Amino acid sequence: MANRLFDYHMQQIALALKDSQFDRIDLNSKVDESNAFDFVIQVWSENGVRVYQSREHRLLPNQAVMGYSTAMMDNGEWIIYAIHTHNRVIQVAQLVQARRDRAIRLVLYSLWPLIPMASILLGAIW
């Protein structure tokens, strides 16, 4: 279920970017190389030139297949969602390990209120 939610989130990011003007973005500008973001976004022009990349140090395969795909890179396995719109290709990618970590955090966050309640109910039943 979490993977479906994460896939939907990637799709919504790509669709939200389809009307953006990436032609004016300078690829040589300073890019945030911290690990604060889970996603990497790349935008390719119709003739295969990358016009935008959200994180300089996270290179992805050139123009992945349209839709969902996976790619194994030096830094781990990636899930990539790509769409073709308005003479460009938008790719949104996320590390599989980041998805797993987030799913585990969601489970722990959901179960945390149940642990004290279960112990109280167990004590009351005993």
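The values are calculated or read from the model by the stated rules, or taken from the named source; none is laboratory data. Predicted model only: the values in this text are computed from it and were never measured. Every residue, glycine among them, receives a Cβ derived from its backbone with ideal geometry; neighbour counts consider all protein chains shown.
Descriptive notes on the structure:
- Matching residues in the range 35-47 - criterion: being at pLDDT 80 or above and assigned to a loop (DSSP other than H, G, I, E, B): Glu46, Asn47
- Screening Trp44 on (1) hydrophobic (A, V, I, L, M, F, W, C); (2) in contact with a strand residue (DSSP E or B) (Cβ under 7 Å, 6 or more places away or on another chain); (3) closer than 21 Å to Leu5 by Cα shows it passes everything except condition (3).
- Residue within the range 62-79 that is out of contact with any Leu (no Cβ under 7 Å at 6 or more places or on another chain), surrounded by 12 or more Cβ atoms within 10 Å (Cβ to Cβ), modelled with pLDDT under 75 and within 19 Å of Ser20 (Cβ to Cβ) present: yes
- Ile80 vs. criteria within 16 Å of His9 (Cα to Cα) and in contact with a Pro (Cβ under 8 Å, 6 or more places away or on another chain): yes
- Of all residues making up the range 1-34, the number that are modelled with pLDDT of 85 or more and of a type in the set (Gly, Ala, Ser): 2
- Those residues of the range 101-124 which are more than 12 Å from the chain's Cα centre (by Cα) and either within 20 Å of Val40 (Cα to Cα) or in contact (Cβ under 8 Å) with a residue 12 or more places away in the chain (or both), in sequence order: Asp101, Ala103, Leu106
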